[in-house]
Structure formats: structure tokens, C-alpha cells
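Written out below as C-alpha cells is the structure these notes cover.
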Amino acid sequence: MMDHNLTSNNIQFYLDSHKDISELITQYQLNPKKTSFDCRSIIVNAFSPQVTVSCSPEVDLIADNFGFPSFFQLLKPFGDKVINQFQVKDSQMASRTTQDFSLRFTRPLNDLVSVQQAQQQQHSTSSSSFSGNNNNKLGQLFSYQSLELLIDEYIQSITDRTLAEEQAGNHQLVKVLSDSVYIKFFTKLMSSSYMTSFETMNHPVSSFLVITARNTLEDAKQQLLQFRQSSIPSYMNIDDILPLMIVVHDERDTQQEKTAYQLRESIKSQLGIEVFVLGIITSLESQVAGESRKLNPPVLTSIDDELQTLHLPHADSKELPLSNIKTIYRLLKEIIQKQIIPFMERKISVWDTEVVIPRKSFSGRFFSVSKRYFGGNSSSNGKSDGSGNGNGNNYDPLTCAYPQKSNEMIIRKLADWSFMLRDYRYAYSTYELVKKDFLSDKAWPHLASAQEMAAMSLLMGATNITSKLKKDTIDPLLDDSNYTYLSRCGLKTYALRSMIIVSELFCNLKDDWMSAPSAIRWLRKAIDDNLLGRLGKCLVLERIGYVYGLYVESRAKVIINRKLLTATPHNKQTETEAEAESEETQQHLNPHKLRRNNMATIGLTRHRKSTLWKLLAAKEWDPSSRPLQVKLKLNEVEHQYKQSQFTSREGTLYAKLDRLTKDRLS
Amino acid sequence: MSYYLAIIGTTDSPIYECEFGTHKQGGDGTSKFSPEMKELNPFILHSSIDIVEDIQWQTNSMFLKSFDEFHGPGTGSTSTNVNYYISGFLTSGNVKFLMIHDNSVYKNEDSIKQFFMDLNDLYVKTLLNPFYKVNDVISSSVFDLKVKACAKKYL
């Protein structure tokens, strides 16, 4: 079941556990854009509902039996991709099927909030010298040092293997390994669970309250109460988080099973929330009976979490009985299809009728215009929590937040949730709708984020875009969004994330000749604006090289592919014969005629550009500290530069790097 | 202003290279590229061939002004990056003159064009030499001197 989830993110784990990865390698071989497709699916996974998991101590004991510090850590790998046919209704009530769905499991809500507050305090005291601007109230997505550290650790951890495979001449695997560094970087950009007032992607959609059959109804009540009374920031609404109770019992103990079902009935009737029963093997002793399987490491762990677990000795020895894996997947499928998706659909349609439709109607437009121009009393704004600041808007510039029940917050949430349910068209129109409000309220972070998401939903929803749409809609949205992130809010990490995402989404479009320039433009902007750390810069330079490699006209692509096909070994001999023949005839014609071998594709590729950027990346990797990375890049540029004599001259960059890496690696 | 000029043969390797600075505004005629740029220059021009090959079918003129750019390490002590521009001239034999300069061509478009015209004359004269074959490296010191004189005159 898990074998469908091969991602290059976990390549190291697969190799360590001797898993068969030939499928992954052939995918890489067949599809030059494989890494971009991977990035797209990571984006889909990363913008999926966040679910908090809080458990009773008894449940954590069960997780402990299998070597997990808590039950949420046990659930986490399952959330990455649940493969099933899920039915989702869009805003038009038309039903669609998605092949997979993801949930991002995190800590209990209280922990999340308190950790975040502690971080924020630390941040604001450390940067108190900058007080005066309100930027330090807005936390960054991640810290640059941690990201660099993590990438560094990752590169070191694969270095030995890559070197061995490289010397063994296993080029395909080496390619996958070296690409996995960028994938890692990309995933870590996306996998922050930091909650902010201006995007609701990281606000939990549901909360799992897990108890065992040994717990009583009283315990369940306690947990629910604890959840209901969590101290959440003012911009979040506890009513928008769906509590779900899960009762865990031992599969083999019929007595326990009975009590679990009894508990379920009483919780349902008395507390009024949905309950699911999960029967699993709870201890290691009985594991001997069944086959067990190692779990894939979760892909979307946040940077700090991953850094913490990186050096734990038992980090890689977590196994679960196969039957448990199947049961947990079955449970998740049921919860997603029966609870989470319907809950989100319901909320979306309620918000749509309550907030969006009145606004789109004629009178609604009239009201919003009159409100804007005649300022006035916030009393006309029935929905506001009374925390409006008297200017007729709900925005509080001091905390950079809208109150939880303000229309703006609800519309934004509506858009985010439709994005999570992959209704990109509706999400786009909603982002566009709320964007104007943010602009008139001067809610800069909200504005930037809405613009970014609007452009992203356009790109996510399309397989191909016209140059007009790109020029008139997407480019201005992204330009504005980046300007606002950087100059008005100082949110470098968000700006970086949006640039990298956008360039990958451009790579995903069908027509490379049209979209590659945009992808390159955003990657270069990330470098030029100094948004990257040292390693990040190397990776993005490499990526520009990769995108230039894709920058091929569709006609030329056909020709190149045909050439590759005919260049297979058994055809080679006939080809050389044919060449010799044609040479003979040509010599008859004119001995001085100059020959070109790429006549058909001349000017329709950017391979030389691609090589230049790969060379720049190689230079940036620095042969004295990371000779292997430099070597890998030099291998890639070799075939292009080998033909020209100027590259191998003494003192050129290529010759210099080549010599230095050879010295270091020998 | 610094310039790096290369004449690229039909097999994409340079057959003549030269680096010089401006003589206008008190310049002494030596280039002021930073060491990083010096080692990168040939590679940047090599990558620009992609663009030349693309746009050569779309224009009638042989002179291609600032058709490509590169954002690279600046000159002098400041480590900020600056934009370099690449202008070119396509001869009728598909040999390319490419030049990197650290200033937009709009200021001295005409002089660069004139320079390329004169360079073309020089190149054609070299071609007329019965002992010279296309794509051979031009090693004549007279040619070098004449190119530098041209540069002094126009740039």
C-alpha cells in the first residue's frame, strides 16, 4: 500500500531499508520534469488540512510500545498521502473525484499556540532594536539557520553513498540522489505549521481526541473540555475546528472491543461528537504473529522537528505490524470521506451563502461601496465583533489581524479551504474578491498573501495558460505580492516561498517554451533579492540550470527525442555508416562546406545557458568544502564544454574547478 | 566601462578574444572586470550563442544590440552585483562577434555598432588571406593592434 508513495524525499530511507526503487528511477529516466511534478504534489500535500492530535496518556503508552514518543508521531507518516477515491463537491455542487488526500498531523492545539508564543517572544526580544515597525509581530515561516543546517546535514548524510554510486558508475541513482537535495529544500520551505493571522492554511481544520478503551467517559469529557477551552489567538475560531474522538482498543481483546463500542455510544449520545473505533495490535509481543513493516519517515515535518529527531538513535527503527498499518489507513479513509470533507464542504457553503453571495449581489456592492466612502459607523457592520477601530473596517493594525468573525477573515478562510479541497477556480475568484478589502484596509500581509494565493490557484488549476493571462493577471499579482511581502511587511521567508512555488508551478505547465522564462525569472529574483542562504543559493542556481534545460521549443523537443531514440546502441553502427556515406557525397559537392549537426533545432534550445548556470552552481558549491557536489555538476556540464577547446585552457573557471575537485576527491 | 570581445567561430569556440577598457572619460584603456568576472566571461558569451541563434532569424540587421544580459559580480571594491549586457554582430558567414559591456547600450549604441562594422572589415580582410582557413584561431598581432586601435577610436 505504501509502495505507491515513493518520493525522492525518502530516497535515503528506501536505500537503507533495501527497498526496490527501480520504479522511481525509471520515472526519473522517462520524465525530465519529474522533479517539478514531485514539487507540485508536495504543494498539494502541504496545503492540505491541518489536524491536531491530542491523546490521553494511555494512548501515548501504546505508541511508546512501538518506539514512538507520542501517538501523533505514529499517525504523522500516514497523513502524507492517503490513496483512495475521495468524492469532493465543489462550489457548484458538482462532484469530483480525487485520487488521494493528505492530512497534516500536529501537536495538540494548546501546545501549538504556546510554542508559537514562546518563539514569538524570543523573536521580539532579540529584535527589540527594530521596534517601531510592526514587522516583528509577524513571525517568519522558518529560520534560515535551521534550514541551512538541515540541508547541510542532509547533504552530509548522502555524501558517502553518492560517492560510492558515482564511482560505481550508477548514474541514474546518482542523479536521483543529487536531485533529492533540492526536493528536500523545497519540502522544508513548505512544511511549516506556523499559524498566522493572514493565512488560514495552517489553522487546524479538525482535532483528533484519542483515548483508549480503558479510559472512561469522564476522561473523554475532560479532553473535549480541554479542547474547547484552548487558548487560541483572537483571529481563530474554535467553532471552525471539528473535534473527532477516536477510541483505540486491542484488536485481539474482545472484552475491550465491547467496551470500546459502548464508550462510543455513550460519548456520541452525551457529548454529541463523532466517535471512531480503532482496533490495532497494541503491544510488541503479539507482533511476532504478524509481519511488520517500517514506516516511511513523514515528509512534511517542520524544520525544527526534523532537526531534533535527526540524531535520535532509534529514529529509524520504528516498525508497525502490517495489519495495524492497514487498519489505520482504513480509519483515515473513513474519517476523511465521512467527516472532514463533508465538514469543509458544509462550512464552505454556509460561508458562501452568508458572506460571499450577499456581497456579490447588487445591494451588497452598494453597501460595501458606501461603507468605504462614507466611513461611518461600524454598527452597520452587524457581523463585526465590535473590535473595529471606528474607521468602518475590522482590521486592527496593531496586531495585524482581523477578528475571527469578520467577513474578511471568513472569506479568506473560505478561499483557503476551497484551495485545500482543490477547487482552484472558486478559490481564485474568492481571493480576488477579498483582495480589494485588504487593499482598502491597508492590511498589507493579508493583501500579499491573498495575491500570492490567487496567482497560485490560477497556476494550480491550469495545465496551460495564455500569454495574455500571464501578462495581465499572474505577473502583476505576483509582483505586487512580492513587493508587499518584502517592502511593507519584511516577510522574507514568505516571499521566498512564493517565488520558489511559483517557478515550480510554471515548470509544471505544458508549454515549456512559454513558461520556462517566467520560472527562471522568479528563481533569479530570489537570488537577486538576497533571500537565500548559502546552500539555498547553490540549490536555486542548480535549479535555474535545470529550468534552462527544459526551455525547449515543442518542435525541437520532437526532433531531439527522435535523435535520442535512433542513437540507441544497435542503431549506432548503421548510423555511422550512413554518415560516412553522406560525407562522401558531400565531399563531392564541396570540400570546404561547413557542417552543422543541429540544424533543425538551432536557436530552439537553451542548453548552453543551462550549462552556464550549472557551472555557476558548481562554483558556488565551492570545491574546497563540497567537492562532491561540484563534481556532480561538472559531470553534467562536461558533454557541452568538452567540444570547445576554450574551456580546458589553463585558468578558465571550468578547468580550475575540475582540477580542484580532482585534488580534493583523490 | 570594460569590454570583453570574442569572435566566435561556427563551431562555437572563440577564434579571437580581447579585453579592453574605455579611453573616454579619462579611462586608460584597460578593463576593470573583477577576477570573478574575468574567469566567467568566456562562459557567459558561450551561453549567449543560444540567444543569438534564436533571434538571428527574426531580424534583418546584423547588429544585435544588448540582446542578452548577465547579473554578475561588480567591479572595484563594492561587492554588489551589477548588470552586464551582451551585444553582438552576426557576419554573413555565421561567425559571431560578441561583446560583454557593463553599461546599457543605449548610451553608446552607435559607437558599438561602428566598432563592429570596422571589426567586420578587419575580419573580412583576414578571411581574404589565402593562408587563413575559416574557424582557425586569429593569432596575427597586426589584427590585434588594429582591433585595439578601433576600440580606442570608438569606445
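On the stretch given as the range B:41-57, residues that are under 18 Å from residue B:1 (Cβ atoms) and either facing chain A (nearest Cβ under 9 Å) or part of a loop (DSSP other than H, G, I, E, B) (or both) total 1.
Counting the residues of the range B:58-73 that are farther than 23 Å from residue A:528 by Cβ and either in a loop (DSSP other than H, G, I, E, B) or within 8 Å of chain A (Cβ to nearest Cβ) (or both) gives 5.
Checking the condition over 15 Å from residue A:416 (Cβ atoms), without any contact (Cβ under 8 Å) to a residue 24 or more places away in the chain, of a type in the set (Asp, Glu) and surrounded by fewer than 22 Cβ atoms within 10 Å (Cβ to Cβ), which residue from A:219, A:239 passes?
When all the criteria are applied, what remains is A:239.
Among A:628, A:604, A:612, A:634, which is the only one that is assigned to a helix (DSSP H, G or I), within 8 Å of chain B (Cβ to nearest Cβ), on the phi < 0 side of the Ramachandran plot and of a type in the set (A, V, I, L, M, F, W, C)? Spell out how you get there, then give the answer.
Working: A:628 fails: within 8 Å of chain B (Cβ to nearest Cβ); A:604 fails: assigned to a helix (DSSP H, G or I); A:634 fails: within 8 Å of chain B (Cβ to nearest Cβ).
Result: A:612 is the single residue among A:628, A:604, A:612, A:634 that is assigned to a helix (DSSP H, G or I), within 8 Å of chain B (Cβ to nearest Cβ), on the phi < 0 side of the Ramachandran plot and of a type in the set (A, V, I, L, M, F, W, C).
I want to confirm something. Restricting to the range B:94-122 and keeping residues that are touching a Phe, Trp or Tyr at 6+ places or on another chain (Cβ under 9 Å) and in a loop (DSSP other than H, G, I, E, B), which single residue is modelled with the highest pLDDT? So, considering only residues that are touching a Phe, Trp or Tyr at 6+ places or on another chain (Cβ under 9 Å) and in a loop (DSSP other than H, G, I, E, B), the one modelled with the highest pLDDT is B:95. When residue B:4 is tested against the conditions (1) within 12 Å of another protein chain (Cβ to nearest Cβ); (2) surrounded by 15 or more Cβ atoms within 10 Å (Cβ to Cβ); (3) of a type in the set (Phe, Trp, Tyr), the lone failure is (1).
Of the residues making up the range A:9-34, those that are of a type in the set (Ser, Thr, Tyr) and at pLDDT 80 or above are A:14, A:22, A:26, A:28.
Taken over the range A:513-544, residues that are within 14 Å of chain B (Cβ to nearest Cβ), among the charged types (D, E, K, R) and assigned to a helix (DSSP H, G or I) amount to 5. For the range A:437-487, enumerate the residues that are of a type in the set (Lys, Arg) and closer than 22 Å to residue A:398 by Cβ. Answer for the range A:437-487, where residues must be of a type in the set (Lys, Arg) and closer than 22 Å to residue A:398 by Cβ: just A:442.
Report, by residue number, each residue of the range B:21-40 that is assigned to a helix (DSSP H, G or I) and under 17 Å from the mean Cα position of the chain (by Cα).
Going residue by residue through the range B:21-40, those that are assigned to a helix (DSSP H, G or I) are B:35-40.
Within the range B:21-40, B:37, B:38, B:39, B:40 qualify.
Residue check: is residue A:656 surrounded by fewer than 21 Cβ atoms within 10 Å (Cβ to Cβ), in contact with an Asp or Glu (Cβ under 9 Å, 6 or more places away or on another chain) and either modelled with pLDDT of 70 or more or within 10 Å of another protein chain (Cβ to nearest Cβ) (or both)?
Values: surrounded by fewer than 21 Cβ atoms within 10 Å (Cβ to Cβ): yes; in contact with an Asp or Glu (Cβ under 9 Å, 6 or more places away or on another chain): yes; either modelled with pLDDT of 70 or more or within 10 Å of another protein chain (Cβ to nearest Cβ) (or both): yes.
For residue A:656, the condition - surrounded by fewer than 21 Cβ atoms within 10 Å (Cβ to Cβ), in contact with an Asp or Glu (Cβ under 9 Å, 6 or more places away or on another chain) and either modelled with pLDDT of 70 or more or within 10 Å of another protein chain (Cβ to nearest Cβ) (or both) - is met.
The listed residues are A:562, A:608, A:596, and the only one of them that is under 17 Å from residue A:640 (Cα atoms) and either in contact with a Lys or Arg (Cβ under 6 Å, 6 or more places away or on another chain) or modelled with pLDDT under 85 (or both) turns out to be A:596. Only a single item in (1) over 23 Å from residue A:177 (Cβ atoms); (2) among the acidic types (Asp, Glu); (3) in contact (Cβ under 8 Å) with a residue 60 or more places away in the chain is not met by residue A:553, and it is number (3). All of A:148, A:165, A:199, A:153 fail the test of being part of a loop (DSSP other than H, G, I, E, B), touching a residue at least 12 places away in the same chain (Cβ under 8 Å) and acidic (Asp, Glu), apart from A:199.
The values are calculated or read from the model by the stated rules, or taken from the named source; none is laboratory data. Because the structure is predicted, anything quoted here is derived from the model rather than measured. Note: ideal-geometry Cβ built from the backbone for every residue, glycine included; neighbour counts use all protein chains shown.
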